[in-house]
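The values are calculated or read from the model by the stated rules, or taken from the named source; none is laboratory data. Because the structure is a prediction, the values reported are computed rather than measured. With ideal geometry, Cβ positions are generated from the backbone for all residues, glycine too; neighbour counts draw on all protein chains shown.
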């Protein structure tokens, strides 16, 4: 068994057929296979043998396939590296995997300044037909032998994106990749007459196994795009009559913006992976082009294919059911016990697609693979039909006072707003609650100045109050890694800078007093001069008494201390919300999570007083509702305005005392 056979086999059956179309060139299966034989010979002359690591740092050009299959043909382990890596990252990767040979572009600076661990550097042309400036020539006298590997023998090392800490080298076997190729060919129905647009990075597991290996194994033609550009993709689709489209969600969103139905008339199949496809994006695509975007799920550690949203029953929003010979389940991320249907937990995967482990990292491997099950770090659920759904990444989960917020849930709500093109949600640190929700938004119209306030209100209408973003930042673009995933670590790192630049949000009292100033200037002057301090004290006393009674703590909580530190457990929070709800009546709904929007006695008091000052439709105890009538009833305005400050204060405080 050898991954190289996914090329050598079809090359015998379709020698003259185009394997790769690249810019103005076409490379047949026979030519690609012969160049890989010549590359294998060059590697052999450099001392490369079975088990040695060969680093390949090439963009989406035919040379990648030439040297990739050349290394595998010799039984070497191909280590694919992104061309966007910094020098220090390259040095780390080659040292980590022990590579002594690297293949780069013929004009790369690495030809002169390769990492110290590298003993031999090859410079390849884009087409792969030259090496170090000399023709890479196939000769029938060259050995055409393919190393016969066992199924569990290492074949590839692909480094994880490294969004936290140092990247880890996921080690895939020949059996891992071959099982995935069979699944792609079967489930995506790849056939020799298919023309597949390959625009996702070849150094990534998606481009490498889902498209390069699977496409060639099916005898299809690959239209190789150096890097994704929607207008160029549109042209290539029409020029080559592309039948299958594969990409990350952002690519489909951008294609939808620039393509017409006629532009995609040749396309009969679409597939997305690498990150969650927003339901709204898929629905828009299906409405426009009358075909769904089928979803695949997996990770580099699973080669990558693990589940598929099947043709037999396409379920929007789902990642489908496990692929051939693969099992999946939902487990508690801490206890690893299997969850019930519908419960949220970590997705675990078992099957021939699960990696051998992380290169030279036995402890990380043992933590990730338990009893044969790979624990993905993705939070999801499974329904009664066995279809799985992604919620979020464990590491991206936001904890607000112990309550879990999954960014993907907030992102889906934001994407439902017509003014949002792209979004990413992360957790910002909070001294009171641990974390708070922050959203980065790319607007459909970058000139839209009111979008921020619109989105906050939109989220409050569609999310529990503690899930709604406290901060929304409008940005021109989201930072992404080469595979298209948003770099949330980078977004989180911007907290200090962004909050320092953002003007502090006006206190709700001040906003309400502005409203009152406009409605009744005379009354505003009276209330502003004497009432604010007293009304705040009364509201604070009221809440301190209630919280103390519920918690059983005779010592009243200070107005600036977090309510969560008062000893209130979840049942007590429910009781607190119930008491406030009884006071409020049907004016508003108060949930047990009200303290996550108003985490201290002082903040909750401000909220209640806001209802008094501005006649807010939000919640407030009746002792404040009664006073609100005094503020907002035009019939009484003249009478109040004629009262002395002392009379106003006495009247309002009497109402508070009567109720408390």
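Residues that are within 13 Å of residue 390 (Cβ to Cβ) and in contact with a helix residue (DSSP H, G or I) (Cβ under 9 Å, 6 or more places away or on another chain): find the strands (runs of 3 or more DSSP E) completely inside the range 265-315 holding 3 or more of those.
Details: elements: 269-272, 294-298, 305-308.
Passing ranges, in order: 294-298.
Within the range 358-378, is even one residue out of contact with any strand residue (DSSP E or B) (no Cβ under 9 Å at 6 or more places or on another chain) and more than 27 Å from residue 78 (Cα to Cα)? Before the answer, list the steps.
To start, the set of residues in the range 358-378 that are out of contact with any strand residue (DSSP E or B) (no Cβ under 9 Å at 6 or more places or on another chain) comprises 362-363.
Of the ones still in play, those that are also more than 27 Å from residue 78 (Cα to Cα) are none.
Scanning the range 358-378, I find no residue that is out of contact with any strand residue (DSSP E or B) (no Cβ under 9 Å at 6 or more places or on another chain) and more than 27 Å from residue 78 (Cα to Cα), so the answer is no.
Taking the residues in the range 456-479 that are under 20 Å from the mean Cα position of the chain (by Cα), touching a residue at least 40 places away in the same chain (Cβ under 8 Å) and not in a loop (DSSP other than H, G, I, E, B) as candidates, determine which candidate is nearest to residue 158 (Cα to Cα).
471
Please go through the range 208-241 and pick out each residue that is surrounded by fewer than 23 Cβ atoms within 10 Å (Cβ to Cβ), in contact (Cβ under 8 Å) with a residue 40 or more places away in the chain and part of a helix (DSSP H, G or I).
217, 237, 240
Being under 17 Å from residue 180 (Cα atoms) and buried (at least 19 other Cβ atoms within 10 Å of the Cβ): is that true of residue 289 here?
no
Scan the range 409-429 residue by residue and report those that are closer than 21 Å to residue 499 by Cα and surrounded by fewer than 19 Cβ atoms within 10 Å (Cβ to Cβ).
429
Please tell me if residue 267 is modelled with pLDDT under 90 and surrounded by fewer than 22 Cβ atoms within 10 Å (Cβ to Cβ).
No: the conditions fail for residue 267.
Which ones in the range 115-133 are surrounded by 19 or more Cβ atoms within 10 Å (Cβ to Cβ) and on the phi > 0 side of the Ramachandran plot?
128 - this is the single residue of the range 115-133 that is surrounded by 19 or more Cβ atoms within 10 Å (Cβ to Cβ) and on the phi > 0 side of the Ramachandran plot.
Among (1) touching a residue at least 12 places away in the same chain (Cβ under 8 Å); (2) closer than 17 Å to residue 441 by Cβ, where does residue 501 come up short?
So residue 501 meets the others, but not (1).
Could you please give the count of residues in the range 331-387 that are surrounded by fewer than 16 Cβ atoms within 10 Å (Cβ to Cβ) and more than 21 Å from residue 407 (Cβ to Cβ)?
19
Counting residues that are in contact with a strand residue (DSSP E or B) (Cβ under 7 Å, 6 or more places away or on another chain) and at pLDDT below 95, which helices (runs of 4 or more DSSP H) fully inside the range 1-115 reach at least 1?
Per the criteria, 87-97.
Can residue 272 be described as touching a residue at least 24 places away in the same chain (Cβ under 8 Å) and surrounded by 21 or more Cβ atoms within 10 Å (Cβ to Cβ)?
Yes: the conditions hold for residue 272.
Could you tell me whether the range 366-374 includes any residue that is touching a residue at least 60 places away in the same chain (Cβ under 8 Å), under 30 Å from residue 51 (Cα atoms) and not in a strand (DSSP E or B)?
At the first step, the residues of the range 366-374 found to be touching a residue at least 60 places away in the same chain (Cβ under 8 Å) are 368, 374.
Retained after the next criterion (residues that are under 30 Å from residue 51 (Cα atoms)): 368, 374.
Right, trim to not in a strand (DSSP E or B) and you get 368.
Yes, the range 366-374 has at least one match.
Conditions (1) over 20 Å from residue 460 (Cβ atoms); (2) modelled with pLDDT of 90 or more; (3) part of a loop (DSSP other than H, G, I, E, B), marked per residue:
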residue	(1), (2), (3)
380	yes, yes, no
404	no, no, no
413	no, no, no
425	no, yes, no
429	yes, no, no
436	no, no, no
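For residue 483, indicate whether it is crowded, with 17+ Cβ neighbours inside 10 Å, assigned to a loop (DSSP other than H, G, I, E, B) and modelled with pLDDT under 80. It would help to see each step written out before you state the result.
On the way: crowded, with 17+ Cβ neighbours inside 10 Å: yes; assigned to a loop (DSSP other than H, G, I, E, B): yes; modelled with pLDDT under 80: yes.
In short, yes.
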